[in-house]
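Quick note: the coordinates plus some simple rules give every number you see, no bench work behind them. This structure is a prediction, so every number in the text was calculated from the model and none was measured. Here the Cβ positions follow ideal geometry from the backbone for every residue, glycine too, while neighbour counts run over all protein chains shown.
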């Protein structure tokens with residue numbers, strides 16, 4: 001599993017693979033770390049990385065993961081294919097509609113629009129639940145809903161296409 | 001102690017956050033029912049949840065709720081309270097509020113309204129103290145606008161001088177003037193700021209001490225005329241005149257100086273006709289000279305360090321004094337043991353100009369252990385808004401000596417985890433870890449001198465990235481549907497790539 005985060009204004013990539021000993025092998029900026037997870041819940045993890053055991057407090061919101069370890073606080077933004085395109089491609093495509101993708105893994109609670117509906121910029125398209133938090137997913141552009149790709153109760157992953165606006 | 005406070009039937013707490021919770025705890029221990037008030041933004045706030053009754057007193061803006069005298073008094077009367085504890089901030093030092101309580105035959109848990117009024121006026125307080133023989137800093141009377149006379153007055157005081165708002169507090173309207181060139185512009189700027197903040201633009205000049213310590217004495221006075229002090233607190237660690245870390249005792253005092261300052265504090269309370277708990281603030285120069293600053297006519301934010309070193313419960317004592325009981329001890333009975341430090345946890349970003357932070361507390365783990373006390377007004381799910389003071393909690397520790405206490409504070413700060421809302425906790429860690437702080441060489445300019453530019457600590461960066469990746473993968477798994485419901489999701493997902501995810505609950509590897 002390869003993941004890219006934004007942290008303190010820089011991007012950091014990590015590759016996490018299962019290891020033969022039941023743990024994981026993390027590759028991070030050229031370093032290789034053996035990882036063993038002792039306990040993990042949505043808010044807490046106890047794990048050993050490179051021989052040292054950590055207790056981390058966790059919290060997730062939208063496409064962010066917050067981590068507290070030993071008096072240090074880290075705010076990670078998940079960099080998805082979509083957000084990479086956005087930050088790389090500028091905002092020139094805004095008048096030409098948008099493909100709204102999921103910023104995080106979660107469950108669609110409610111779809112607020114239907115195919116063919118006119119929407120204003122900033123209008124809510126659907127409610128996505130992740131980590132018991134309801135998040136409204138909004139359209140960055142005004143236009144007409146070309147197609148809603150998800151239905152209520154559906155699970156979605158980061159970068160999954162939710163709604164197309166044209 | 002521990003006897004019932006027989007004269008108070010039911011207490012309304014006119015505050016929110018950690019101090020409302022702290023007051024509530026003492027009331028509860030004394031068997032006094034508590035009524036909380038809350039704004040619409042605070043319906044789910046901790047203080048409202050913990051109280052026996054909670055009354056909504058208006059919209060989120062403090063002016064329409066927590067600062068609304070009529071609504072607070074009405075809530076107390078409607079709920080059958082016979083006393084109001086104002087906490088700190090909000091209406092606590094507003095003489096009109098104390099007067100409104102007195103008029104409604106409600107016991108105001110604090111000094112009489114007239115005492116609040118005269119001590120709240122810095123000039124009147126200064127004159128009062130001067131008359132009582134307590135040293136005050138050389139300075140001027142208040143000026144409503146710039147006057148050329150101020151040039152000669154400033155020269156007589158000697159630069160640097162401080163411009164201060166007559167109605168001020170919290171550093172608003174305060175300016176340091178290094179020389180004559182900036183005097184006029186500084187005075188005018190202070191007047192503008194003071195007018196804006198307090199509706200009263202009067203400012204005065206005062207001598208600025210070099211590297212002074214802020215040393216304050218806790219005083220208690222009962223309605224029978226007895227007054228004692230509960231020793232000092234040093235609050236020199238200030239960011240823009242806002243205390244952020246306090247300790248007791250103060251390293252700069254020896255027994256002789258402590259006794260002299262304590263006597264001056266008690267004398268100040270007597271001179272003002274003080275009743276209940278109050279704090280007499282002094283500036284202490286490097287030459288062991290001390291000068292009266294002001295009296296805070298309320299329970300201080302930093303009162304827990306006094307509780308830690310004296311073993312007394314200040315809120316309980318406030319309630320007993322308000323109920324008309326005499327002080328249960330004399331000065332000679334009060335002793336101080338060990339060392340205590342408190343740091344304030346604010347919702348602000350120390351790495352981004354200390355901008356106030358808002359958000360929802362998504363994760364919270366408070367430190368614990370011997371000698372560790374957390375006064376907190378938040379819980380997981382608390383929303384931190386722009387409406388109120390950004391102080392979320394106070395971490396207070398105690399140990400047998402200062403260095404042990406400092407190390408305990410550092411350990412506790414490392415354990416403090418507030419996620420979802422950015423806090424100053426990493427900054428407090430940097431302060432507590434600083435060698436000059438460890439050496440006890442503190443003064444009110446300490447932070448400006450040593451800790452202006454603190455870098456984010458990133459010692460555990462690799463582990464944090466691993467933790468974020470684990471969190472991402474496990475949250476993906478947690479929200480995954482059962483087998484066969486994959487739908488048209490992409491062929492490759494984190495939990496598929498990772499293979500069998502060894503969660504604690506599934507593998508039994510936990511614990």
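Going by how many other Cβ atoms sit within 10 Å of their own, how do B:105, B:122, A:144, A:107 line up, fewest first? Could you put the intermediate results ahead of the total?
Values: B:105 8, B:122 22, A:144 14, A:107 18.
Fewest-to-most Cβ neighbours within 10 Å comes out as B:105, A:144, A:107, B:122.
Over 22 Å, how big is the tail of the calculated P(r) for segment B:138-207, in percent of all Cα pairs? Write down the numbers at each step before the final one.
Working: 214 of 2415 pairs.
Everything past 22 Å amounts to 9 percent.
Need one value for B:454-461: mean number of C-beta atoms belonging to other chains within 10 Å of its residues' C-beta atoms.
On the way: counts 0, 0, 4, 4, 4, 4, 11, 8.
What the average comes to for B:454-461 is 4.
Taking chain B as the reference, fit the longest principal axis to its C-alpha atoms, fit the long axis of helix B:183-198 to the helix C-alpha atoms, and give the angle between the two in degrees, 0 to 90, nearest 10.
70 degrees
Relative to the longest principal axis of the C-alpha atoms of chain B, give the angle of the C-alpha long axis of helix B:17-29, reported between 0 and 90° and rounded to the nearest 10°.
Value to nearest ten degrees: 80.
Which angle between 0 and 90 degrees, to the nearest 10, do you get for helix B:255-272 versus the longest principal axis of chain B when only C-alpha atoms count?
Approximately 70 degrees, to the nearest ten.
Using alpha-carbon positions, what is the distance between the centroids of segment B:131-207 and segment B:314-387, in Å?
Taking the Cα centre of segment B:314-387 as reference, the centre of segment B:131-207 is 32 Å away.
Any chance you could tell me what percent of the C-alpha pair distances in segment B:274-411 go past 21 Å?
On the way: 5523 of 9453 pairs.
Here the tail beyond 21 Å accounts for 58 percent of pairs.
Before rounding to the nearest 500, sum -39500 (n - 2.57) across all DSSP H runs of length at least 4 in chain B and divide by the residue total; then give [θ] at 222 nm in deg cm²/dmol. Let's see the in-between values first.
Values: 18 runs with 174 residues, N = 511.
After summing the helix terms and dividing by residue count, I get -10000 deg cm²/dmol.
When N is the residue count of segment A:94-165, what does its C-alpha Rg come to as a fraction of 2.2 N^0.38 Å?
On the way: Rg = 11.1 Å, N = 72, 2.2 N^0.38 = 11.2 Å.
Dividing the Cα Rg of segment A:94-165 by 2.2 N^0.38 Å gives 1.00.
Among B:297, A:151, which comes first, then next, by fewest other beta-carbon atoms within 10 Å? Show your work: numbers first, answer last.
Values: B:297 27, A:151 10.
So the ranking, lowest neighbour count to highest, is A:151, B:297.
To the nearest Å, what is the center-to-center distance of segment B:236-274 and segment B:1-68, using C-alpha atoms only?
29 Å
Give me B:321, B:305, A:14, A:127 sorted ascending by neighbouring Cβ count inside 10 Å, so fewest comes first.
Values: B:321 25, B:305 29, A:14 21, A:127 17.
Final ranking by Cβ density, sparse to dense: A:127, A:14, B:321, B:305.
Mean projection of the alpha-carbon convex hull of chain B over all orientations, in nm²?
Values: hull surface 113.5 nm².
Projected area, direction-averaged: 28.4 nm².
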